[in-house]
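The values are calculated or read from the model by the stated rules, or taken from the named source; none is laboratory data. Keep in mind that this is a model prediction, so the values were computed, not measured. As a convention, Cβ positions derive from the backbone with ideal geometry for all residues, glycine included, and neighbour counts pool all protein chains shown. Side chains included, ligands, DNA and RNA excluded: accessible areas come from the protein's heavy atoms. Shrake-Rupley method; radii C 1.70, N 1.55, O 1.52, S 1.80 Å.
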Amino acid sequence: MGFLTFPLFLLFTVICAERNGPIQTFVIPHSHMDVGWVYTIQESMHAYAANVYSSVTEALTQNKQRKFIAVEQEFFRLWWDSVATDKHKKQVRQLLKESRLEFIIGGQVMHDEAVTDLDDEILQLTEGHGFLYETFGVRPRFSWHVDPFGASATTPVLFALAGFHAHLISRIDYDLKDVMQKSKKLQFVWRGSPSLKEQQEIFTHTMDQFSYCTPSHLPFSNSSGFYWNGVALFPDPPKNGIYPNMSLPVTKETLHSYAKTMVQNIQQRAAWFRTNHVLWPWGCDKQFYNSSVQFANMDPLVEYINQNSKEFGVTVQYATLSEYFQAVHQSNLTWEVRGSEDFLPYSTEPFQAWTGFYASRNVLKGIARRASSQLHAAETLFTRYRVSYPDGPVPKEEALQKLKALRWAVSEVQHHDGITGTESPKVSDMYIEHLTQAMMGVEELLAALFLLPQTLGTASNPEDSHSKGSHQDLEQHIIVYNPLAWNTTAIINVTVTLPMATVFDDQGQAIPAQTQSSADSNTTYDLFIVVNLGGLQHRKYLIKFSEKPGKEGSSTHHAWVVSFKRLNVSQELKTGRRLLPVLNECYKIMLDQDTNLLHSITDRNEKRTVRMSQDFWEYQVNGNVSAGPISDNYIFSANGSAVRAYKAVKMEIVPGKIVTEIRQYFYREEADEDYTYSVTTRIPQSFPSGRLCYRLEQSYSLGPLVVNTEAVLRIKTSLKNNRTLFTDDNGYQMMKRPSRTFVNDTVARNYYPMVRMAYIEDDSSRLVLLSERAHGASSQSEGELEVMLHRRLWNNQEWTLGYNLTLNDSSVVRPVLWMTLGSLAATSSLYQREALELQHRPVVMPIDRPQKAWRKEPRTGSPIRPVVLPDNLHLLTLSVPGWFYNSNHTLHLRNMETGTPGSTQPDYDRVLLRIMHLYEKGEDPVLSQPSTINMKEVLRGMGEVRALEERSLTGTWDISDLQRWKWKASEDPGRGEGVGVKRSSVGVRGEFNVTISPKEIRTFFVYFKLK
């Protein structure tokens, strides 16, 4: 994404300080290739992307001095599979061998860092790394995160776990970058995790104010400079090869002027860094599609500067990123340490806070996360099936293809102009199409895995006594799968068309259930069922329908709706006079009958009452650039304070024995027929303790919005939080967000990404919100927690209109939040696991439609054995990647060289497993302790483990072989097991005990003894 807005700096010529020799300049040719943004992937491949790799390969082959870095893998993979000739492929392998073509990052995309989830960041990185390693034997060691809108503290931890030596970022707050430049602090050692600290630290380079694009101003020409191939043309490349805005060629007449301009820029940049080495990125968005023209002009320029290096005080060389970082590393300087602080939010100018995209395209954000959850469920289920039934009737080749399609789609949308919602409408449609098509394929796979073979613990019916007379009643079967490696009790909701039903489990026992009229339809009912599932276990349930309510004492309760009249709340009203209590074992919720709004919640365990209101507000923003700052896909610019978004509220309460439901409808005008906002709160009943008791599930409906409106959920409480908010970095760790005051844009610059969770607290209580998609969150006033849930914007900015990057989103969005109120100790033990319970809710699959019972089936044995981890460990990944490479690096390279038969066949027996410790050091007295498990015992529910290999995060390194560079740090404690120190691989000598410490993510290849 090439929208780069820089602060205004006075251009000046730097008089270099005393240096040991000339400035060594590393010219790094690159092309920033957005996997989406303005144009679809197909349009980009046709217009320029395919030509980048074809022409770069040819240009580098022609001249041994030339080099290039390739970053995002999606375009390269498409080129490799469908465009590259055999000659191209041979040339690529030779260029890699000569280290003149270098893969950087190596992920499927350059992922966003603000609104992406940990699971998906790891997935897209693993997808790209797996391809590179099995195709070329290459393992990237450096990052190039030049375009994400702010930098998360999670990303450097993941890159360290993947084996990277160094990390590179660019987009950080403009005023902070200014300070860091002047004080030469753009480079540092980043310890992104407060628990892992130096164990997973990484050297980090922040690009200067010019970022990743070559400075294009030429004082001697009206044309931009250093972009000799011009600007990519859509939809078709020009037949004559003449592109718009091609730079003035390098000739005898222009050579010295070009050299002087380039050297002045190099000297300016050198003043901002501590070493003699300058990273000079040559390229920008959609560059090098005509590489021969690019290099033909730069070659003589490089040669001329080097011939006159004494005069210029500069040497210049084509370089890869590894060469630059190696030179900096060899300088042997001691670097300052940055702790676990991130670089969020990101601003480019006083009224350009890039905090709007945290909530842009809420629908896309929701679909992307649902696809990720479905992928996790399908991966774990297929892995169990593959281990249990290696020759089962579900074809492994077809199953893997369906999984790969969804892996690709989920990886693709993590792009920094994808899940962010900052892309054009047609690109958003493309992402959604790719996701939904792949999800349909995986849905078919899930059905096959559940039903074939029948003996996979899914078949059992009620005993004969329950079947008597069943020919008169309709019945339906559903399968419910728990994709988490914990035992769980959950309430699932099945939409049905009859008002009464009795539910039986796979042992023929009637289980608790509740029916009620649906809030969304006059013709359907909600059937709530309490299910008990082991870790990674699925069970089959029988629903027997009836049109009449069951007898008293039945396991199914029918709940009735109690309606309250619509109330006008636009005027100041006396409140708190008529309070209506709704209770469960953990909470007493008080509703104000004068407003139909929430009044307070009492934590019954702690006997503490917190005053609390919850409603919807709107920021009405500017869309006219001539009238002041605007909001757009990226930027949130509040045009004053938010205003209440409604004038009347209607309420319904559905008292139940499983769930009590509170439905609130918010009307923009009192006389409106349709509501604009709604919230449905489900309060679990009859669960005296534990997670369910504390869980308040809230489903929202927002929209359609009025144009240039940003809608927020505002929760006002009596908590004394000092306007301090806590939000998560990518679901991995919590960040403290104290309120900050700015001269301009204070509201927008106090918004932060909320990927999985946000909370406010005081000394006694904590209010936690958990989300199943990303939002923006803030605490604008004492005791407030505000969540931006939806945006609809239009502006007349020429750039926005030209690229069709408006956000005229007229959709109705339906996000879900889980809310918990409790003591600091109680919530600390709950919210990490609860966030995962929300993200990975049980998969409910009807396997038939309601129909008359026509035969009796024998009841089979017990459900499949569960796989259960301790409460502080999470099964992050369990999949069959299908990679064909040998896990022994030497053998893999030998197979690639010799083309050993069978080396290109997917390995269906290798299981990729990741386990993560959920807690920080000191967060909880029990759960923050290291946890030791025996992998054979833990996985016995799946099968017998015969071998275990510990690997790097993306699986390409044996952990005992992985060495990362050590960087001298100003805070350098004695190093134990950490950077550059070998860790013995487990399992190779019959040892299967693994100890996982706070915030560790451990990755393994597991091999089972097949049945």
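Annotations for the structure displayed:
- Those helices (runs of 4 or more DSSP H) lying entirely in region 792-896 with at least 2 residues of a type in the set (V, I, T): none
- Any hit, region 424-436, residues being surrounded by fewer than 24 Cβ atoms within 10 Å (Cβ to Cβ) and over 20 Å from D34 (Cα atoms): yes
- Condition check for V530 on (1) β-branched (V, I, T); (2) open to solvent by 50 Å² or more (accessible area, probe 1.4 Å); (3) under 30 Å from S373 (Cα atoms): one failure, at (2).
- Residues that are of a type outside the set (F, W, Y), over 26 Å from A70 (Cβ atoms) and touching a helix residue (DSSP H, G or I) at 6+ places or on another chain (Cβ under 6 Å) within region 306-322 comprise just one, V314.
- Within region 176-206, the residues that satisfy the criterion of being of a type in the set (A, V, I, L, M, F, W, C) and open to solvent by 20 Å² or more (accessible area, probe 1.4 Å) are L176, V179.
- For N730, the criteria (1) on the phi < 0 side of the Ramachandran plot; (2) touching a helix residue (DSSP H, G or I) at 6+ places or on another chain (Cβ under 8 Å); (3) at pLDDT 95 or above hold in every case but one, which is (1).
- Inside region 310-332, residues that are among the hydrophobic types (A, V, I, L, M, F, W, C), surrounded by 21 or more Cβ atoms within 10 Å (Cβ to Cβ) and in a helix (DSSP H, G or I) make up a count of 4.
- The criterion of at least 1 residues that are under 30 Å from N796 (Cβ atoms) is met by the following strands (runs of 3 or more DSSP E) wholly inside region 570-622: 608-620.
- The listed residues are V768, V755, V743, V787, and the only one of them that is in contact with a helix residue (DSSP H, G or I) (Cβ under 7 Å, 6 or more places away or on another chain) and among the β-branched types (V, I, T) turns out to be V768.
- E423 satisfies every condition listed in (1) part of a helix (DSSP H, G or I); (2) in contact with a helix residue (DSSP H, G or I) (Cβ under 8 Å, 6 or more places away or on another chain) except (1).
- Which listed residue is open to solvent by 10 Å² or more (accessible area, probe 1.4 Å) and of a type in the set (A, V, I, L, M), from L123, L95: L123
- Qualifying residue in region 12-28 (condition: on the phi > 0 side of the Ramachandran plot and either part of a strand (DSSP E or B) or modelled with pLDDT under 95 (or both)): yes
- Residue ID - nearest to the chain's Cα centre (by Cα), chosen from residues in region 23-58 that are among the polar types (S, T, N, Q) and open to solvent by 10 Å² or more (accessible area, probe 1.4 Å): T40
- Restricting region 645-675 to residues that are in contact (Cβ under 8 Å) with a residue 40 or more places away in the chain and in a loop (DSSP other than H, G, I, E, B), the residue that is farthest from H790 (Cα to Cα): K657
- So V816, is it surrounded by fewer than 19 Cβ atoms within 10 Å (Cβ to Cβ) and either farther than 24 Å from A153 by Cα or out of contact with any strand residue (DSSP E or B) (no Cβ under 8 Å at 6 or more places or on another chain) (or both): yes
- Which numbered condition L78 fails, given (1) open to solvent by less than 20 Å² (accessible area, probe 1.4 Å); (2) assigned to a helix (DSSP H, G or I); (3) free of Cβ contacts under 8 Å to residues at least 60 places away in the same chain; (4) within 24 Å of I419 (Cα to Cα): (1)
- Of all the listed residues (T523, T515), the sole one being β-branched (V, I, T) and assigned to a loop (DSSP other than H, G, I, E, B) is T523.
- Residue check, Q307 free of Cβ contacts under 8 Å to residues at least 40 places away in the same chain and either open to solvent by less than 10 Å² (accessible area, probe 1.4 Å) or touching a Phe, Trp or Tyr at 6+ places or on another chain (Cβ under 9 Å) (or both): no
- Subset of region 885-903 that is modelled with pLDDT of 85 or more and of a type in the set (S, T, N, Q) - its residue that is most open to solvent (accessible area, probe 1.4 Å): T890
- Residue in region 709-725 that is free of Cβ contacts under 8 Å to residues at least 60 places away in the same chain and on the phi < 0 side of the Ramachandran plot present: yes
- Entry remark, region 584-603: residues being without any contact (Cβ under 8 Å) to a residue 40 or more places away in the chain and in contact with an Asp or Glu (Cβ under 7 Å, 6 or more places away or on another chain) number 1 in total.
- Residue selected from region 641-657 under the condition within 35 Å of the chain's Cα centre (by Cα) and among the small types (G, A, S), by the criterion farthest from M590 (Cα to Cα): S641
- Matching entry among G225, G283, G241 (being surrounded by 19 or more Cβ atoms within 10 Å (Cβ to Cβ) and at pLDDT below 95): G225
- Within region 333-352, considering residues that are out of contact with any Pro (no Cβ under 6 Å at 6 or more places or on another chain) and more than 26 Å from S193 (Cβ to Cβ), the one least open to solvent (accessible area, probe 1.4 Å): T348
- Cβ pairs under 9 Å, 6+ apart, first in region 463-483 and modelled with pLDDT of 95 or more, second among the acidic types (D, E) and in a helix (DSSP H, G or I): P483/E379
- Options V52, V56, V115, V92; residue that is modelled with pLDDT of 95 or more and in a loop (DSSP other than H, G, I, E, B): V115
- Every test in (1) open to solvent by less than 10 Å² (accessible area, probe 1.4 Å); (2) modelled with pLDDT of 95 or more; (3) among the β-branched types (V, I, T) is passed by T932 save one, and that test is (1).
- Considering V979, V986, the condition of being within 27 Å of the chain's Cα centre (by Cα), in a loop (DSSP other than H, G, I, E, B) and either crowded, with 17+ Cβ neighbours inside 10 Å or at pLDDT 95 or above (or both) is satisfied by V979 alone.
Condition check ((1) without any contact (Cβ under 8 Å) to a residue 24 or more places away in the chain; (2) aromatic (F, W, Y); (3) part of a helix (DSSP H, G or I); (4) closer than 24 Å to A166 by Cβ) across all residues:
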{"residue": "T214", "(1), (2), (3), (4)": "no, no, no, yes"}
{"residue": "N229", "(1), (2), (3), (4)": "no, no, no, no"}
{"residue": "D236", "(1), (2), (3), (4)": "no, no, no, no"}
{"residue": "K239", "(1), (2), (3), (4)": "yes, no, no, no"}
{"residue": "E253", "(1), (2), (3), (4)": "yes, no, no, no"}
{"residue": "S257", "(1), (2), (3), (4)": "no, no, yes, no"}
